[in-house]
Amino acid sequence: EEGAPGRRGERERGEEVPAERGPGAAFHMFVLMEDLLDKLKLLSYEEEALRRHNMRPLSRHYFALPTNPGEQFFMFCTLAAWLISKAGHPFEQPQEYDDPNAVISNVLSELRSF
């Protein structure tokens, strides 16, 4: 019946009712990570970004599973700095012990300037 409260995607008391997630939603992050890794490989990230910093290649689930947040954050910052530089904007590579808030602020500021 149309207009029945609680149906997916419909409004109930002026608020959006969240759509139910399917059984595959738990694995969506793994699919996104595999797509990210494929795109990074197309950009030769192993030769250009990782070898310069003596880092190991990413596994296909590296960012999908929280294993070592400090290491994962540094890898994210390294890749973000490399991608920004690859896009033609000079960007200083963050150091491992830099303030995380400052690093993210710098990355976001540079991305906004695009």
**Pair list, Cβ < 6 Å and 6+ apart or interchain, from region 53-65 residues that are free of Cβ contacts under 8 Å to residues at least 60 places away in the same chain to residues that are open to solvent by 80 Å² or more (accessible area, probe 1.4 Å)** = Ala64/Met29
**Prompt:** Which condition does Leu37 not pass, out of (1) in contact with a Lys or Arg (Cβ under 9 Å, 6 or more places away or on another chain); (2) assigned to a helix (DSSP H, G or I); (3) at pLDDT below 90, if it passes all the others?
**Reply:** (3)
**Message:** Quick check on region 44-86: of everything there that is part of a helix (DSSP H, G or I) and among the hydroxyl-bearing types (Ser, Thr, Tyr), which residue is surrounded by the fewest Cβ atoms within 10 Å (Cβ to Cβ)?
**Reply:** Ser85
**Request:** Please state which of the following conditions Asn54 fails to meet, knowing it meets all the rest: (1) closer than 27 Å to Phe27 by Cα; (2) at pLDDT below 90; (3) more than 17 Å from the chain's Cα centre (by Cα).
**Result:** (1)
**Criterion violated by Gly6 - all others in (1) modelled with pLDDT of 90 or more; (2) touching an Asp or Glu at 6+ places or on another chain (Cβ under 8 Å); (3) on the phi > 0 side of the Ramachandran plot satisfied** = (1)
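The values are calculated or read from the model by the stated rules, or taken from the named source; none is laboratory data. Note that the structure is a prediction, hence the values are computed from the model and not measured. Cβ sites come from the backbone with ideal geometry, for glycine too, and all protein chains shown count toward neighbours. In case anyone asks, the SASA skips ligands and DNA or RNA and just uses the protein heavy atoms, side chains included. Shrake-Rupley method; radii C 1.70, N 1.55, O 1.52, S 1.80 Å.
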